[in-house]
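What follows is a single structure, written as structure tokens, with notes after it.
Just so it is clear, none of the values below were taken in a lab; they were calculated from the coordinates. Keep in mind that this is a model prediction, so the values were computed, not measured. Here the Cβ is made from the backbone with ideal geometry for all residues, glycine too, and neighbour counts use every protein chain on show.
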Amino acid sequence: MNNIFSEAWNSHLNSYVDVETWLLGGEGSWLQSLRQQALRNFVSLGFPNAKEENWKYTRVHGLANTEFTSIGVPSDPVSVEDYQRYFFTEMPCSRLVFVNGHFVAEASEIEILPEGAVIGNLANVFKQQERQLRDVLARYADYQQQPFTALNTAFIADGAYFYLPRKITLTKPIHLLFITNSQNKAVVTHPRNLIVLEPESELNIIEHYIGLNEATYFTNAVTEVVMREGAKIEHIKLQEESAKSFHIATIQVQQGRDTEFLSRNLALGAQLARNDINSVLVGEGAKCTLEGLYVLEGNRHVDNHTRVDHKYPHTSSRERYKGILGDKSRAVFNGKVMVYPGAQKVDAQQANRNLLLSEGAEVNTKPELEIYADDVKCAHGATVGQLDNNHIFYLRSRGLDEDAARQLLIYAFAEEMVKDIDPIPVRTHIERRLNTQFFRGHHQEIVL
């Protein structure tokens, strides 16, 4: 237990009574009780420290010592141009926009939906379907033992909500855009998303986080996904937070029989970022695919923790994460696969590959298998290496200078994780971001 908070966080926690007026769930409601219990849990758990295995290589003292402010309404104006800069304008889609954690209706757009389908922001849905939310909200994400999930639950105010009835497929993707505008103060937001897919329904979603300026702020997001029998979802998480920001996020997935969950996790921003992606397979035939790319420079730190729980036989998982680290950046990868007793015929594969571009960069990687069944096919592996001088020599022999040769090899390493992203406008955006920010455009003149 670590319940010693800095003066800054004591002040923030003491402000809870004042901000409760605009949090989700009125006085005396079940959600207010849930929030208050979650706050007690966070106070009891405290911030994680290096003595905890899951946080051994990730220091959060900068976060724990910064004074943040929760704000009920966006206090800094955000122009239409600010919104539109981050729209995928070539992609027909539904779009929900949140600024500093609050839904902005005038910037959002929802396509005509099939009967029974619901797409909206959590605060509005709560007013109409409180009883339905009670059955699923905060039921799967662990707010008892995970401090940042507890903190998010305590401060639930808004987020996205999706519900698809049986055999409903949304042919157009959904773009969730979370914008933080923190010009005047260090703000903290706790986006909370809930996705419920009934049997054989399908959804494609892009969860996108950005900052409008280089001020310090903290995004603490939680997304719960509930998939009934035969449901499918492709989930892209695109994290492009500002250079001084903190970003901590949890995605908790519950997969029923014959479900398919595909996660593409791209961490391209933030001073300190941590992603926890957990999937629990509770039905035969469930498939889970986790893919991720993190590209770091400067003193940035990215921590990816994944966990797949195979609780039923004949389930499968595939995991592939890649990292590119330069300067004095640091990364952590911890992927765990659990095969429970009786979960025979499980097929699980896991790989983490890292490319270090400087002597000061560092990565700590730990793929894990924990197996309690005897008829399974499981494998894992991890590599950490540098650019191959023979490959650079070959490219130079083909007429490239050394810098262009290095950039081409780096881009090829990353491109493997990007080339299959669909929708194409999202893939193009990521490729441009990688090209202009990290690879300085060399690959274009070479590849083409």
Completion exercise
Scalar couplings 3J(HN,Hα) for region 178-188 by Karplus 6.51 cos²θ - 1.76 cosθ + 1.60 (θ = phi - 60°), nearest whole Hz, x for Gly and Pro, are 10, 10, 10, 10, 10, 5, 9, 7, 7, 9, 10
Completion exercise
Any helix of the chain counts here only if DSSP assigns it H throughout, its Cα atoms span 18 Å or more along the axis, and its mean Kyte-Doolittle hydropathy is at least -0.5, and such helices are 30-45, 402-415
Fill in the blank from the handout: Once the in-chain neighbours fewer than 8 apart are removed, the lysines whose Cα is under 17 Å from Lys232 read Lys167, Lys172, Lys287
Practice task
Would you work out the charge dipole size for the chain about its Cα centre, treating the Cβ of every Lys and Arg as +1 and the Cβ of every Asp and Glu as -1, and quote it to the nearest 20 debye?
Solution key: 500 debye
Handout entry: For region 234-242, 3J(HN,Hα) per residue [Karplus equation, 6.51 cos²θ - 1.76 cosθ + 1.60, θ = phi - 60°, Hz, x = Gly/Pro]
Key = 10, 10, 10, 10, 10, 9, 10, 5, 5
Practice task
Mind jotting down the distance between the C-alpha centroids of region 87-110 and region 372-413, whole Å?
Solution key: 38 Å
Handout entry: Potential extension, Arg85-Ala8 segment - 0.36 nm per residue separation minus Cα distance
Key = 24.3 nm
Problem - Built amide H within the under 5 Å cut-off of Val337, gap 5+ - result: Val308, Glu368, Leu369, Glu370
Practice task
Rounded to the nearest 500, what is the 222 nm mean residue ellipticity of the chain from helices alone, with -39500 (n - 2.57) per DSSP H run of 4+ residues and division by all residues?
Solution key: -5500 deg cm²/dmol
Exercise for the section: Please grab the % of Cα pairs in the chain that end up more than 37 Å from each other. Expected result: 23 percent
Handout entry: Positive minus negative residues near Lys328 (Lys, Arg vs Asp, Glu; Cβ under 12 Å)
Key = -2
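Take the residue pairs Lys56/Lys336; Lys345/Lys366; Lys336/Lys377 and return only those whose Cα atoms are more than 20 Å apart.
Lys345/Lys366
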Practice task
Classify region 245-367 as rounded, prolate or oblate, taking a ≥ b ≥ c as the square roots of the eigenvalues of its Cα gyration tensor: rounded when a/c is under 1.5, otherwise prolate if a/b is larger than b/c and oblate if not.
Solution key: prolate
Practice task
Taking amide H positions as placed in the peptide plane 1.01 Å from N, state which residues far from Arg166 in sequence (5 or more) or on other chains have amide H under 5 Å from it.
Solution key: none
Problem - Residue among Phe148, Pro48, Gln407 farthest towards the positive dipole end of the chain, charges placed on Cβ - result: Pro48
Handout entry: Set of aspartates and glutamates with alpha-carbon distance to Lys244 below 15 Å, sequence-local pairs under 8 removed
Key = Glu67, Glu214, Glu297
Fill in the blank from the handout: Taking 0.36 nm per residue of separation between Ala351 and Glu284 and subtracting their Cα-Cα distance, the length gained on full extension comes to 21.8 nm
Completion exercise
Sequence order, region 344-360: Karplus ³J(HN,Hα) from phi using 6.51 cos²θ - 1.76 cosθ + 1.60, θ = phi - 60°, Hz rounded, Gly and Pro as x, gives 6, 6, 6, 10, 9, 9, 8, 9, 9, 10, 10, 10, 9, 9, 8, 6, x
Fill in the blank from the handout: 1/(1 + (r/R0)^6) with r = Cβ-Cβ of Glu106 and Asp374, R0 = 45 Å, i.e. FRET efficiency to nearest 0.05, evaluates to 0.20
